[in-house]
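A.B. asks: Shown below is the structure under consideration.
Here, each number is a calculation from the coordinates, and none is a lab measurement. Being a predicted model, the structure only gives us computed values, none of them experimental. For neighbour counting, all protein chains shown are included, and Cβ atoms are generated from backbone atoms with ideal geometry for every residue, glycine included.
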Amino acid sequence: MHVRQPAPPAVEARVDRRDATEAARERLTSVLAPWRERYPDVKAGEEVFIGHPVDALATASANAGLVVGSRERLIPLGSVSHGVLHHARGPVAVVRPYA
C-alpha cells in the first residue's frame, strides 16, 4: 500500500489525481517486482491512495492481519507511525530498514 498526500502546489495546480495515482501504482509495482520474484509464495496486493497516510492506513488496518512500515528517518517513530499506532484497528509493526 502506498499513500501520498498531495503537496499544496499540486492541489493549487489541480494535478489530475488519477494520473498521480497511476504513476504511484507503476512505481509501487516496480518496487515490489524483485521481492515478488524472491518470495513468490508471499501474497501482496497493490493499493495506492491519495490522502492522509494515517487515515488511509488506519482504515485499511480493519481488513489487514498486520500493518507494517517505516520510512528511513533519523527519529525512531515518525508522525505517521505514531498516528497509525494510535488509530489502527489491528496489530501494527514499525519496522526500520535493515542497516
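A.B. asks: Net charge within 13 Å of residue 63 by Cβ-Cβ distance, Lys/Arg positive one each and Asp/Glu negative one each, not counting residue 63 itself? Walk me through the numbers before you get to the answer.
C.D. replies: Working: positive: 89; negative: 47.
Within the 13 Å Cβ shell, the charges total 0.
A.B. asks: Mind listing the long-range amide H neighbours of residue 2? Cut-off is under 5 Å, sequence gap 5 or more, other chains count too, H placed in the peptide plane at 1.01 Å from N.
C.D. replies: 47, 48, 49
A.B. asks: What is the sum of charges around residue 45, taking Lys and Arg as +1, Asp and Glu as -1, for the other residues whose C-beta is under 14 Å from the C-beta of residue 45? Present the calculation step by step, with values, prior to reporting the outcome.
C.D. replies: Numbers: positive: 25, 36, 43; negative: 46, 47.
After counting each charged neighbour, the total is +1.
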